[in-house]
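A short worksheet on the structure shown next.
The values are calculated or read from the model by the stated rules, or taken from the named source; none is laboratory data. Computed from a predicted structure; not experimentally measured. Note that each Cβ is placed from the backbone with ideal geometry, even for glycine, and that neighbours are counted across all protein chains shown. Ligands, DNA and RNA are excluded from the accessible area calculation, which covers all protein heavy atoms including side chains. Shrake-Rupley method; radii C 1.70, N 1.55, O 1.52, S 1.80 Å.
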Amino acid sequence: MLRSSRRLRAAFLLTSLVLVLFSGCRPGQSPAEAGITNKTLLVSIGAEAATLDPQLNTGSSERKIIDSLWQGLLQWNHDATGFLPAQAASWELSDDGLTYTFHLRPDLKWSNGEPVTADQFVAGARRLMSPRLGSEMASEHYNLKNGKAVNTGQLPVEALGVSAPDAHTVVYQLEHRSVIFTGNFVGATLGPVYVPGILAKGEIDNPLVNWVIPGEVVTNGPFVLTEWKANQHITLQPNPHYHGTTRLKEVRFLSQESLDTQDRAYRAGQLHVTYGIPSHKIQLYAKAGDPALQLVPTAGLHFTEFNSRKPPFDNPLVRRAFSIAIDRQKFVDAVLRGGETPAYGVILPRPGGYVSEAVIPKNVALARQLLAEAGYPNGAGFPRVEYLYNTSDKNKEIAEALQQMWRSALNVNVELLNQEWKVYLDSMYQGNYQIGRRGLTPSSPEPADFYRYLRSDSSINSGGFKNARYDALSIAAEQELDPVKAAVLFREMDTILLEEMPIIPLAFRTIARLVHPRVENWPTNVIDREDWHTVGFTPD
């Protein structure tokens, strides 16, 4: 009874909050219905946003907000199969693949009405790569000329291969050609910054300076930040000086960690888009043929990452034992239950694309043998270890399933530790964990884009995996334009990953969410990227 009362009270408080936000609703009209009338989109982003700083963010839910506030030079088309102009009107890539030249739209303005100029793109790139800022995303841009040397403090930021020959031209020079680098010009990470706005709050590359303030921060995307109530909601409204058009008059991102809360909120008419769906509800919606159900297969990966720097997971025998002890098909069918595909490698097999030949087996006998070879026969003497995950019902269910599989197959006890989103991110990137939950959707559908995340110089490789041969292969694959030759490199990397097992691939991510049937152009592509100026509601 007490638990039921708490649930009722939580539901009442959520309903009250949304009704307050939509006090203009007509009698009998839900907030979602009012939102359609008023062109206000209500979206759940899951946990509270850790940051909205475009050069510091690493989270996917935050990216949705950031991409609506700031715009890069390019954008993906709706299917994420090619690029369209965004802040750039046109661009060229030199014959040797080492120099990008972008020509800005002549009518670009910041949200305060001042012109967007090429030197502000230079400032954004230098801020991103500044060693003082300490951006986790800097290493993903090491292919910029002198990028690594600048980010590691060996050269000044002025040596970075980004320049502005005039107010409307930005030039980026690369260390080597790349089949994936064009995707870095999508979104805000490598985008421009309004320098006076940051300097008004402190030094431009001081990570502690809070400059993303509602009503004050100057942006160049379709929307501006008007309100941020911690652990409640973030509100955006159209940027009056945006070069394009927007179909929405307001976007409100609600912080709701619980998938059950999101599900109830949607059914109560308080949301248009959920961040996810409780696993046990997915098949119910599917069987009912609910038009709101959206299942989107992506190139993203659910995986577990080992901290390879610390025992016992500094031993690849232990890592392999933990990986092959998992029944991935059972994991997908019994735990995820959202149309995911078991992951026996790191790259999603796609028709006409690369298909890995290195397959991770499910072999309990071999897993036990490997653990014994590592010095832990039948789990004897295995130390206390923890599995870290960020707080959510789904992540808890995943953690408990893995815990049970490891206990049953290896006779080891893995303790579970959950942390709220911001603390979890810090723990992962500081290496304060042993095994950690991870999920990653690459910024490009190219296989080389995912392989680079496990290079030793990648900050997203939080487990500290290092293999010189793998690094060389990854760089070569990034430069290889022939898909047949690239596949040879991918296969050798797969062999290394199968032997070293720095991560445990679990399943290729299918995004399961509820999207109101009146919402139009919500993304359904393999990298889950929005085109914010096209998102809106279908007409009556």
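Under the condition of being in a strand (DSSP E or B) and either open to solvent by 10 Å² or more (accessible area, probe 1.4 Å) or under 21 Å from L236 (Cα atoms) (or both), the residues counted in region 64-84 number 4.
For region 365-377, the candidate set comprises residues that are surrounded by fewer than 17 Cβ atoms within 10 Å (Cβ to Cβ) and not aliphatic (A, V, I, L, M); within that set, the residue that is nearest to G300 (Cα to Cα) is Q369. Could you say whether any residue in region 396-404 is loosely packed, with under 15 Cβ neighbours inside 10 Å and farther than 30 Å from T524 by Cβ? Yes, region 396-404 has at least one match.
Name the residues in region 327-364 that are among the aromatic types (F, W, Y) and either open to solvent by 40 Å² or more (accessible area, probe 1.4 Å) or in a loop (DSSP other than H, G, I, E, B) (or both), would you? Result: Y344, Y354. Of all residues in region 100-145, those satisfying the criterion of being more than 25 Å from the chain's Cα centre (by Cα) and open to solvent by 40 Å² or more (accessible area, probe 1.4 Å) are H103, R105, P106, D107, K109, N112, E114, P115, D119, K145. Remark: pairs (first residue in region 283-305, farther than 30 Å from V318 by Cα; second residue open to solvent by 50 Å² or more (accessible area, probe 1.4 Å) and modelled with pLDDT of 95 or more; Cβ separation under 6 Å; 6+ apart in sequence or on different chains) = P291/P517. For Y470, the criteria (1) modelled with pLDDT under 95; (2) touching a helix residue (DSSP H, G or I) at 6+ places or on another chain (Cβ under 6 Å) hold in every case but one, which is (1). Count, please, the residues in region 465-485 that happen to be open to solvent by 20 Å² or more (accessible area, probe 1.4 Å) and either within 19 Å of R319 (Cβ to Cβ) or not charged (D, E, K, R) (or both). Within region 465-485, residues that are open to solvent by 20 Å² or more (accessible area, probe 1.4 Å) and either within 19 Å of R319 (Cβ to Cβ) or not charged (D, E, K, R) (or both) number 12. Among the residues of region 361-407, the one identified as touching a Phe, Trp or Tyr at 6+ places or on another chain (Cβ under 9 Å) and acidic (D, E) is E386. Restricting region 25-68 to residues that are in contact with a Phe, Trp or Tyr (Cβ under 7 Å, 6 or more places away or on another chain) and among the small types (G, A, S), which is modelled with the lowest pLDDT? Once the filter is applied, the top-ranked residue is S61.
Within region 202-251, the set of residues being surrounded by fewer than 17 Cβ atoms within 10 Å (Cβ to Cβ), of a type in the set (D, E) and in a loop (DSSP other than H, G, I, E, B) comprises E203, E216. Inspect all residues belonging to region 58-68 and state whether any of them is of a type in the set (K, R), in contact with a strand residue (DSSP E or B) (Cβ under 8 Å, 6 or more places away or on another chain) and farther than 25 Å from P115 by Cα. No, every residue in region 58-68 fails to be of a type in the set (K, R), in contact with a strand residue (DSSP E or B) (Cβ under 8 Å, 6 or more places away or on another chain) and farther than 25 Å from P115 by Cα.
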